[in-house]
Amino acid sequence: MTFLGMPAGGGNLTGTPFPKAARGALGDAQLRRNLAKATTTIRTKRAGVVGELPDWAELRAAGAAIKDEVLANLDEHLVRFEEALTSRGTHVHWARDADEANRIITDLVKATGTREVIKVKSMATVEIGLNEALADAGVHAVETDLAELIVQLGNDKSSHILVPAIHRNRTEIRDVFRREMPGVDPDLTDDPRALAEAARRHLRQKFMTVDVAISGANFGVAETGALVVVESEGNGRMCLTLPRTLISVVGIEKLVPSWRDLEVFLQLLPRSSTGERMNPYTSVWTGPTEGQTSHVVLVDNGRTATLADPDGRAALRCIRCSACLNSCPVYERTGGHAYGSTYPGPIGAVLSPQLTGVDRNPTLPFASSLCGVCYDVCPVAIDIPSMLVHLRSRVTESKRTTPESTAMRALSWVMSDARRWGRLIRLGKFGRLASRHVPLPGWSAARDLPLPPKQTFRDWWETR
Amino acid sequence: MSARDEVLARVRRAKGPEGPVSVPREYRAAGTRGAGDLDLFAERLRDYRARVRVVDADQVATTIAAALLERGVRRVVAAPGTPAGWSNLPDQPDRVEVVRGAVTVDTLERTDAVVTACHVAIAETGTIVLDHDAADQGPRALTLVPDYHLVVVRAEQVVAGVPDAVAALAGVRTQTWISGPSATSDIELERVEGVHGPRTLEVVIARSTRFPTTSHPVGGSDQNHGIR
Ligand code: SF4
């Protein structure tokens with residue numbers, strides 16, 4: 001149920017309930033090693049470059065307040081943004097939900113006559129399931145971000161909002177390329193340099209020939225109509241620059257009021273996400289350039305439902321930096337797929353249930369230990385732990401308590417203590433303990449722990 | 001109701017009753033930190049594995065020529081508004097073709113190097129920003145397709161921090177912020193330079209010789225009627 005009965009969002013925001021999905025991940029030692037290595041590296045880098053700025057706390061306070069201002073007057077900012085875009089020659093479209101956004105974009109693409117589009121990495125398009133919708137209309141969408149390409153070629157799903165293939169190591173990636181990349185060198189090695197070079201060659205031809213590109217945007221400036229894409233590889237620049245038609249899919253919360261506000265976010269975002277002082281490339285464009293036709297599709301898809309809850313709306317401040325994922329002990333052990341949504345990790349645990357309504361994502365608010373690290377690292381100061389507690393009570397109120405959400409309550413007690421967690425992982429008992437506690441259909445195969453029937457879960461645990 | 005009107009109506013129903021939120025801006029604002037530190041700027045650039053040459057302003061042309069010859073380029077494109085001297089390669093008229101003015105993407109694909117100026121640069125982050133409406137910086141494809149980008153930064157264009165650069169860029173329609181060469185960390189978070197953008201970024205920092213340094217960045221001149 002969404003807040004105040006506001007219409008819910010659709011698309012790729014739900015999946016297998018967390019406890020069930022997490023069980024597979026916890027049994028996968030390779031996955032846990034890949035994740036631990038990656039998140040440790042990026043946490044260290046982030047801490048280093050954040051520590052360099054004497055005014056980090058002040059930037060963070062400003063970032064949170066700017067986003068709160070956007071949300072407090074979102075209607076006015078949207079209307080201003082639309083005016084600014086239109087006056088500079090960009091066509092603006094509005095979409096109530098994922099289906100409507102897909103329809104609009106598919107029609108725009110079909111009108112150009114192309115059978116192929118190139119894409120800049122965009123969470124919004126993954127959320128609405130755009131690639132699948134385009135495929136149904138006979139249009140092939142080519143992902144051009146290296147990690148998205150790895151995911152696409154491997155017929156896989158993203159598990160991280162910044163590094164979607166974080167769960168794959170170099171050997172796995174080489175195997176995907178050898179198998180799926182047309183014309184690839186059969187002796188391709190697993191050296192990251194060689195793999196990046198293979199991707200460069202594979203995509204070069206696409207950049208030069210495909211005439212329609214689809215992007216998201218990290219920020220839209222309401223005052224000027226400027227759109228901003230922050231990236232590393234240059235695939236974004238290629239897609240934004242070379243094709244004749246550019247379609248940008250923008251969630252309605254992506255705005256900042258004025259140009260000046262970027263002085264805050266262009267410091268907060270790169271340091272929080274890749275742990276760099278600045279990302280290699282940021283593109284800013286205001287209206288179509290160099291003879292292009294440009295479209296912007298503004299998407300609601302559950303964002304207004306999120307806005308309606310005063311205790312949950314701050315989730316819309318999120319700038320998708322992924323710092324909360326990289327620091328989360330639960331994410332580090334389960335990986336992104338366990339969350340079943342485009343948005344994994346701590347932010348996913350608060351955002352996905354609000355976009356879809358808590359009844360369609362009743363386990364996610366429990367997928368956390370409430371340790372608070374996500375709040376500390378969040379560059380826009382989203383108090384994720386308090387929001388989780390609030391959403392747990394909404395799950396209970398919605399009276400749609402499921403076996404999984406009951407199990408999650410037991411699990412969240414375990415997750416709230418690092419030692420309990422460690423023991424659980426070592427024992428490989430995740431999922432099993434939940435299935436001891438409540439009758440979970442489909443979990444029975446894992447029941448191999450002798451557990452006296454009268455003993456409570458907590459008693460059992462204390463005696464381990 | 002149209003989708004537009006419905007989304008706006010939902011927003012009005014959903015948002016709280018509060019008025020405007022006041023934004024505390026206690027961070028280091030534009031214009032409060034003086035001019036950018038050239039040594040810091042050069043160090044940041046090297047951190048990204050960009051090549052850096054710091055020279056006196058009257059040495060820029062010869063430095064560019066030396067860099068291009070070292071690299072062994074065969075065809076160079078210079079942004080049309082750059083000084084003529086920036087794409088003069090003395091003694092090499094037969095070996096190197098210099099293209100100025102409008103070029104097609106096909107030509108760029110067959111070009112080994114591009115030479116431009118910039119609008120502003122940030123010492124703290126090692127960032128260089130191009131204004132694509134300025135004739136000495138050229139349209140976006142110019143600095144994207146060739147594999148080697150040589151950019152000249154005048155000392156007085158280097159500002160201290162991001163807020164200083166954002167202030168200098170107000171009203172600039174199309175911008176590219178560049179911090180080192182193209183890179184990816186998508187494979188086990190190991191940094192690899194050079195994916196789709198130029199694999200080599202070479203920065204010539206021109207120390208002012210005749211004029212005192214000011215912290216006011218000066219952008220390029222004239223409108224650019226570029227390629228498509
Ligand atoms: S919630 Fe905060 S830390 Fe997490 S991705 Fe969003 S902005 Fe980053």
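What is the dipole size for region A:46-303, taken about its Cα centre, with +1 at each Lys and Arg Cβ and -1 at each Asp and Glu Cβ, in debye to the nearest 20? The partial results should precede the final answer.
Values: 29 positive and 39 negative charges, 123 e Å.
Here the size comes out at about 600 debye.
Interface size between chain A and chain B, please: total buried accessible area, 1.4 Å probe, rounded to the nearest 100 Å².
Summing both sides, the interface buries roughly 7500 Å².
Please give the net charge around A:Ala36, taking every other residue with its beta carbon less than 11 angstrom from that of A:Ala36, where Lys and Arg add +1 and Asp and Glu add -1. Please list the in-between numbers first.
On the way: positive: A:Arg32, A:Arg33, A:Lys37, A:Arg43, A:Arg333; negative: A:Glu332.
Taking every other residue near A:Ala36 into account, the sum is +4.
Please compute the length gained on full extension between A:Leu370 and A:Asp185, using 0.36 nm multiplied by the number of residues separating them and subtracting their Cα-Cα distance.
61.9 nm
Determine the alpha carbon to alpha carbon distance for each of A:Lys37/A:Lys67; A:Lys110/A:Lys206; A:Lys119/A:Lys157; A:Lys121/A:Lys254; A:Lys45/A:Lys67; A:Lys67/B:Lys15 and list only those over 23 Å.
Those over the limit are A:Lys37/A:Lys67; A:Lys45/A:Lys67.
Can you give the angle from 0 to 90° between the axis of helix A:170-180 and the longest principal axis of chain A, with both taken from C-alpha atoms, to the nearest 10?
60 degrees
Starting from the Cα-Cα distance between A:Arg193 and A:Glu132, subtract it from 0.36 nm times their residue separation and give me the gain in nm to one decimal.
In short, 18.9 nm is gained.
Note down the nm distance, to one decimal, between modelled labels 7 Å out along Cα→Cβ at A:Asp28 and at A:Asp311.
Those two pseudo-labels are separated by 3.5 nm.
Using a 10 Å cut-off around each Cβ of peptide B:157-166, what is the average number of partner chain Cβ atoms that fall inside?
4
Considering only DSSP beta bridges where both residues belong to chain A, give the percentage that are antiparallel (nearest 5).
Working: 8 of 32 bridges.
For chain A, the DSSP antiparallel bridge percentage is about 25.
Once Lys and Arg get +1 and Asp and Glu get -1 on their Cβ, which of B:Ala67, B:Ala102, B:Gly194 lies farthest toward the positive end of the dipole of chain B?
Highest projection toward the positive end goes to B:Ala102.
Averaged over A:62-71, how many beta carbons belonging to a partner chain fall within 10 Å of each residue's beta carbon? It would help to have the intermediate numbers written out before the result.
On the way: counts 5, 2, 3, 5, 4, 2, 6, 6, 1, 6.
What the average comes to for A:62-71 is 4.
Please get the size of the charge dipole for the protein assembly as shown, origin at its Cα centre, with Cβ charges of +1 on Lys and Arg and -1 on Asp and Glu, quoted in debye to the nearest 20. Show your work: numbers first, answer last.
Details: 84 positive and 82 negative charges, 477 e Å.
Using Cβ point charges on Lys, Arg, Asp and Glu, the protein assembly as shown gives about 2280 debye.
Distance in nm between label sites at A:Thr40 and A:Asp156, each 7 Å beyond Cα in the beta-carbon direction?
2.0 nm
In terms of modelled amide H atoms, which long-range or inter-chain residues lie less than 5 Å from the amide H of A:His140?
Excluding prolines and chain starts, which carry no amide H, the hits are A:Glu116, A:Val117.
Would you please give the residues with an amide H less than 5 Å from that of B:Ile205, counting only those at least 5 places away or on a separate chain, with H modeled from the backbone geometry?
B:Arg53, B:Val54, B:Val55, B:Val153
Over all residues in B:167-174, what is the mean tally of Cβ atoms on other chains that come within 10 Å of each residue's Cβ?
That average works out to 5.
Taking the dipole about the Cα centre of the protein assembly as shown, with the C-beta of Lys and Arg at +1 and of Asp and Glu at -1, give me whichever of B:Ala135, A:Ala338, A:Ser352 is farthest to the positive side.
Going by the Cα projections, it comes out as A:Ala338.
With n ≥ 4 as the cut-off for DSSP H runs, can you work out [θ] at 222 nm for the protein assembly as shown, using -39500 (n - 2.57) per run divided by the number of residues, rounded to the nearest 500?
Only helices count here, giving -11500 deg cm²/dmol.
Please list 3J(HN,Hα) in residue order for region A:329-343, calculated via the Karplus relation 6.51 cos²θ - 1.76 cosθ + 1.60 where θ = phi - 60°; whole Hz, with x for glycine and proline.
Per-residue couplings from phi come out as x, 6, 4, 4, 8, 9, x, x, 5, 4, 7, x, 10, 4, 9 Hz.
Compute the angle between helix A:56-72 and the longest alpha-carbon principal axis of chain A, please, reported from 0 to 90 degrees and rounded to the nearest 10.
For helix A:56-72, the angle is close to 80 degrees.
Sorted by average packing, counted as other Cβ atoms within 10 angstrom per residue and highest first, what order do A:249-256, A:111-118, A:186-193, B:188-195 take?
Descending packing order for the listed peptides: A:249-256, B:188-195, A:111-118, A:186-193.
Quick one: with all protein chains in place, what share of the accessible area of chain A is carbon or sulfur, to the nearest percent (1.4 Å probe)?
C and S atoms contribute 50 percent here.
Mind ranking A:98-104, A:146-152 by how tightly packed they are, going by the mean number of other C-beta atoms within 10 angstrom, highest first?
Put in order of decreasing packing, that is A:146-152, A:98-104.
Spit out the partnerless Cys residues in the protein assembly as shown, using Cβ distances under 4.7 Å as the pairing rule.
Here A:Cys239, A:Cys318, A:Cys321, A:Cys328, A:Cys371, A:Cys378, B:Cys118 come out as lacking a disulfide-compatible partner, given the Cβ-Cβ threshold of under 4.7 Å.
Any chance you could get the radius of gyration and Dmax over the Cα atoms of chain A, in Å?
Just the Cα atoms of chain A yield Rg and Dmax of 22.1, 74 Å.
Taking the square root of 5 times each eigenvalue of the Cα gyration tensor, what semi-axes in Å does the equivalent ellipsoid of region A:46-303 have, largest first?
Details: eigenvalues 178, 121, 48 Å².
Taking √(5λ) for each Cα gyration eigenvalue gives 30, 25, 16 Å.
Return one quarter of the surface area of the convex hull spanned by the alpha-carbon atoms of region B:32-210, equal to its mean projected area, in nm².
10.9 nm²
Tally Lys/Arg at +1 and Asp/Glu at -1 over every other residue whose Cβ is under 13 Å from the Cβ of B:Val158; what's the total?
Around B:Val158, the surrounding residues sum to -2.
How compact and how long is region A:206-327, expressed as Rg and Dmax of its alpha-carbon atoms in Å?
Final numbers for Rg and Dmax: 15.3, 48 Å.
Place a +1 charge on the Cβ of each Lys and Arg in region B:32-210 and a -1 charge on the Cβ of each Asp and Glu, then give the dipole magnitude about the Cα centre in debye, rounded to the nearest 20. All intermediate terms of the calculation are to be shown ahead of the outcome.
Numbers: 19 positive and 25 negative charges, 49 e Å.
Once rounded to the nearest 20, the dipole reads 240 debye.
Multiply the residue separation of A:Asp99 and A:His140 by 0.36 nm, subtract the distance between their alpha-carbon atoms, and state the gained length in nm to one decimal.
Working: separation 41, 0.36 × 41 = 14.76 nm, distance 1.81 nm.
Gain on stretching A:Asp99 to A:His140: 13.0 nm.
To the nearest 10 degrees, how steeply does helix A:74-87 sit against the main Cα axis of chain A, on a 0 to 90 scale?
Tilt of helix A:74-87: around 30 degrees.
If you build a Gaussian network model of chain B, linking Cα atoms that sit under 10 Å apart, which residue out of B:Arg207, B:Arg71, B:Arg25 swings the most?
So, out of B:Arg207, B:Arg71, B:Arg25, the one fluctuating most is B:Arg25.
The values are calculated or read from the model by the stated rules, or taken from the named source; none is laboratory data. Because the structure is a prediction, the values reported are computed rather than measured. Cβ sites come from the backbone with ideal geometry, for glycine too, and all protein chains shown count toward neighbours. Note: areas computed on protein heavy atoms with side chains; ligands, DNA, RNA excluded. Shrake-Rupley method; radii C 1.70, N 1.55, O 1.52, S 1.80 Å.
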